[in-house]
Amino acid sequence: MRSVQDITKVAISGLEGSPYTDKVNPPAAKTQSADPITFSGETDRVYQPAVSAEGDSHKPVVVSEAGQQVVTLLREGLEDVVVWNPWSDKSSGMGDFEPKAGWQNMVCVEAGSVRAWQRLEAGDSWSVSQTISIE
């Protein structure tokens, strides 16, 4: 994976207008504004990307830094997108987070099935994919 140079210069687009669960700042249920996601403190959110007029909820999620696109995430069959950065206070208390100042150079953006269990009956299958392109 690619690190970022300065989390305060990172913007994430492709989730505008999407409902999300905010694990840091209640109330938990919120909707992303029409602006890209930016960072100024601890962030831990699970997005349910908005469905387009064409019924597509799998549009690209793009991570940019200082206006330059650095990572693109495409997903298939995964309805949720997690966006996370622990910031300084939380990272300093995490035993497995090193270096402690590493929060300044990272952002986690990943597709998943987070809000609900994916139930499969005997003989069922579930095919999903995540493609990460580093610019």
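First select every other residue whose beta carbon is under 13 angstrom from the beta carbon of A28; then total the charges, Lys and Arg +1, Asp and Glu -1.
+2
How high is the FRET efficiency between K90 and A28 when r is their beta carbon distance and R₀ equals 25 Å, given to the nearest 0.05? Can you show the working numbers first?
Numbers: r = 18 Å, r/R0 = 0.70.
My answer for the efficiency is 0.90.
Can you sort L78, L15, L120 by how many other beta carbons sit within 10 Å, fewest first? Please report the intermediate quantities before stating the final value.
Numbers: L78 19, L15 22, L120 9.
By the 10 Å Cβ count, ascending, the order reads L120, L78, L15.
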Taking 0.36 nm per residue of separation and subtracting the Cα-Cα distance, what length does fully extending S3 through L74 add? 23.7 nm
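For the chain, count the residues as N, evaluate 2.2 N^0.38 Å, and divide the Cα radius of gyration by that value, please. Walk me through the numbers before you get to the answer.
Details: Rg = 15.5 Å, N = 135, 2.2 N^0.38 = 14.2 Å.
The reported ratio for this selection is 1.10.
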Show which aspartates and glutamates lie in cross-link reach of K100 when reach means a straight Cα distance below 18 angstrom and same-chain residues fewer than eight apart are skipped. D6, E42, D44, D89
Between W117, M94, V46, whose Cα lies farthest towards the positive end of the dipole of the chain when Lys and Arg beta carbons carry +1 and Asp and Glu beta carbons carry -1, centred on the Cα centre? M94
Please tell me the relative contact order of the chain in percent, rounded to the nearest whole number, where contacts are Cα pairs under 8 Å and at least six residues apart. 27 percent
Net charge around Q118, counting only other residues with Cβ within less than 13 Å of its Cβ (Lys, Arg = +1; Asp, Glu = -1)? -2
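Throughout, read-outs are computed from the coordinates displayed, never taken from laboratory work. Bear in mind that the values here come from a model prediction, so they are computed numbers and not experimental data. Every residue, glycine as well, gets a Cβ built from its backbone with ideal geometry; the counts of neighbours run over all protein chains shown.
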